[in-house]
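**Q** I am attaching a structure below and will ask some questions about it afterwards.
Nothing in this text is a laboratory measurement; each read-out follows from the coordinates by a stated rule. Remember, predicted model here, so these are calculated numbers, not experimental data. Cβ sites come from the backbone with ideal geometry, for glycine too, and all protein chains shown count toward neighbours.
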Amino acid sequence: MRSRKAWGAAWLVGLFVAAVGASAAERPEDAGQAAAESWLRLVDGGDYSGAWSQGAAHLKATMKQGEWSQTVGSARAPLGKHLSRRLKSREYTEKAPTTRTIAGKVYTWGKGRYVVLEYESAFAKKPSVGETVVTMADPDGVWRVSGYTVQ
């Protein structure tokens, strides 16, 4: 007969294994959304260079840090302070997202694993704004932001 201590230890080990298994089996939509929302907190705080640094390899390869900061800053400044954000949709795809034009430049994505997230956001100077965030699994398997647009 096992003691209460042994059963308690076995239960804790089982709980730990279940938690590790759950995170390993995390859905791409969940991982992509978590990456997007962590990254959006940087952008909302005005840390555009930090957002670039935490972006996907694709983002860094297509736009230099200074250019990125200027582009995002000029898109966000007229909106004022960020007030709220609500997820409208998220979609996992292995097809490249639609080509997007950002600040007059055309960007395309190659093969990969993507989650495209659409948000309805409110800002101090504009109460209804659409935001699209494209996250992708980088070669190291970590989900990072590779594209962002404000409509």
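**Q** May I ask you to work out the translational diffusion coefficient for region 27-150 at 4 °C, viscosity 1.567 mPa s, via Stokes-Einstein with Rh from the Kirkwood sum over Cα pairs, reported in whole µm²/s?
**A** 90 µm²/s
**Q** Could you pull out every one of the lysines with an alpha carbon less than 19 Å from that of Lys111, ignoring same-chain neighbours closer than 8 positions?
**A** Lys60, Lys95
**Q** Give me the net charge for the shell around Lys88: Cβ to Cβ below 14 angstrom, other residues only, Lys and Arg +1, Asp and Glu -1. Mind dumping the intermediate values first?
**A** Values: positive: Arg85, Arg86, Arg90; negative: Glu29, Glu37, Glu91, Glu118, Glu120, Glu131.
Net local charge, Lys88 excluded: -3.
**Q** Another one. What net charge is computed for the residues neighbouring Asp138, neighbours being all others with C-beta under 12 Å from the C-beta of Asp138, Lys and Arg scored +1, Asp and Glu -1?
**A** +2
**Q** I've got another one for you. Which of the peptides 63-75, 111-123, 82-94 is most tightly packed, and how do the rest follow, judged by the mean count of other Cβ atoms within 10 Å per residue? Each step should come with its number before you reach the end.
**A** On the way: 63-75: 15.3, 111-123: 18.1, 82-94: 13.2.
Highest to lowest by the protection proxy: 111-123, 63-75, 82-94.
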